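The values are calculated or read from the model by the stated rules, or taken from the named source; none is laboratory data. Predicted model, so just to flag it, every value in this text is computed and none were measured. Heads up, the Cβs are rebuilt from the backbone with ideal geometry, glycines too, and the neighbour counts pull from every protein chain shown. Only protein heavy atoms, including side chains, enter the accessible area calculation; ligands, DNA and RNA are left aside. Shrake-Rupley method; radii C 1.70, N 1.55, O 1.52, S 1.80 Å.
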Amino acid sequence: MKLGLEGRKAIVCAASKGLGKGCARALAGEGVELVICARTADVLEATANEIAAESGVSVTPIACDITTEEGRAAVLAACPEPDILVTNAGGPPPGDFKDFTLDDWRRALEANMLTPIALIRATCYGMAERGFGRIVNITSASVRNPIPVLELSNGARTGLTGGVAALARKLARHNVTINNLLPGLHDTDRVRETLKARAARERIDVEEAARRAAESIPAGRMGRADDFGAACAFLCSEQAGFITGQNLLIDGGAFPGTM
Ligand code: NAP
């Protein structure tokens, strides 16, 4: 299927690695010109060069912290009229409710709720005027099924989900959609870090921790950034214009419910 995206312009946030990079690669493969960001300039630049070389599209790296106003301004200056916006940032740290301070909560809300909302607000009305827009928020399976050690993430991402649910309906008649992708366990650097902690706890090596994690998923494996990116590219396609306000779990069947 051709996704009808050739020549479109996208901002993909937090995209030097992991799920954001998976989304960037999939969009570039469809001929979308990209502005990507991350904080670590050399890794970001290497990713931009890699994606540009394999796809032939232009990929502009903006090294910044997307959770700051300056970071968002730099990204928007590089791509003031995006057709596609993929929001993403690092997730909040794990811990326990009793230990989280209000400042911890403020940081989580800033990164995983207010940053996407600011970017959506800055771009969605222009998309509506131009008659095409696709917004995809990378949230988490924790929106459907709270993860005990990730209460900051559970709260901030659910806030984002609720915060844009009505907006998705308001923008639908302008051919602008907003959908959320909810990753379950994917084999990325972030997850490898958490597996190191599990390995230490269970006195096993990281590969064994990864095997045990994969075993707990009905698909028998962790997700791959490229599969995740393919779902993102489809939600950004011409064909997906009638899909909006949805929360799509990408978790290999891990959510234990019928719906
Ligand atoms: P990852 O492999 O660690 O990649 C994170 C990417 O985001 C890197 O490119 C990183 O680059 C960039 N980044 C982080 N903070 C940033 C910031 N403030 N500004 C700009 N760029 C930033 O992580 P991932 O696994 O892809 O996770 C992506 C998101 O999905 C996270 O919010 C995570 O909590 C969520 N999630 C992941 C999974 C999973 O299984 N992987 C499951 C559920 C939810 P720099 O560090 O250089 O900035």
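Might you let me know whether segment 94-107 holds any residue that is in contact with a Ser or Thr (Cβ under 6 Å, 6 or more places away or on another chain), within 15 Å of the ligand (Cβ to nearest atom) and either in a helix (DSSP H, G or I) or open to solvent by 40 Å² or more (accessible area, probe 1.4 Å) (or both)?
no
Working only within segment 1-19, note down all residues that are assigned to a loop (DSSP other than H, G, I, E, B), open to solvent by less than 20 Å² (accessible area, probe 1.4 Å) and in contact with an Asp or Glu (Cβ under 9 Å, 6 or more places away or on another chain). 3, 5, 16 - these are the residues of segment 1-19 that are assigned to a loop (DSSP other than H, G, I, E, B), open to solvent by less than 20 Å² (accessible area, probe 1.4 Å) and in contact with an Asp or Glu (Cβ under 9 Å, 6 or more places away or on another chain). If only residues of segment 154-204 that are of a type in the set (D, E, K, R) and in contact with a helix residue (DSSP H, G or I) (Cβ under 8 Å, 6 or more places away or on another chain) are counted, the one that is farthest from residue 132 (Cα to Cα) is 202. Could we say that residue 28 is more than 10 Å from the ligand (Cβ to nearest atom) and modelled with pLDDT of 95 or more here? When the stated conditions are applied, residue 28 passes them.
When segment 42-54 is limited to residues that are open to solvent by 40 Å² or more (accessible area, probe 1.4 Å) and not hydrophobic (A, V, I, L, M, F, W, C), the one that is nearest to residue 13 (Cα to Cα) turns out to be 45.
For segment 133-155, residues that are touching a residue at least 60 places away in the same chain (Cβ under 8 Å) and outside any helix (DSSP H, G or I) total 6. Any residue in segment 165-176 that is within 24 Å of residue 17 (Cα to Cα), open to solvent by less than 80 Å² (accessible area, probe 1.4 Å) and at pLDDT 95 or above? The answer is no; no qualifying residue exists. Just to be sure, is residue 221 buried (at least 18 other Cβ atoms within 10 Å of the Cβ), among the charged types (D, E, K, R) and modelled with pLDDT of 95 or more? It is false that residue 221 is buried (at least 18 other Cβ atoms within 10 Å of the Cβ), among the charged types (D, E, K, R) and modelled with pLDDT of 95 or more. Residues that are closer than 29 Å to residue 256 by Cα, open to solvent by 10 Å² or more (accessible area, probe 1.4 Å), of a type in the set (D, E, K, R) and away from the ligand (no atom under 12 Å from the Cβ) do not occur anywhere in segment 122-139. Residues that are assigned to a strand (DSSP E or B) and either hydrophobic (A, V, I, L, M, F, W, C) or out of contact with any helix residue (DSSP H, G or I) (no Cβ under 7 Å at 6 or more places or on another chain) (or both) occur at least once in segment 218-236.
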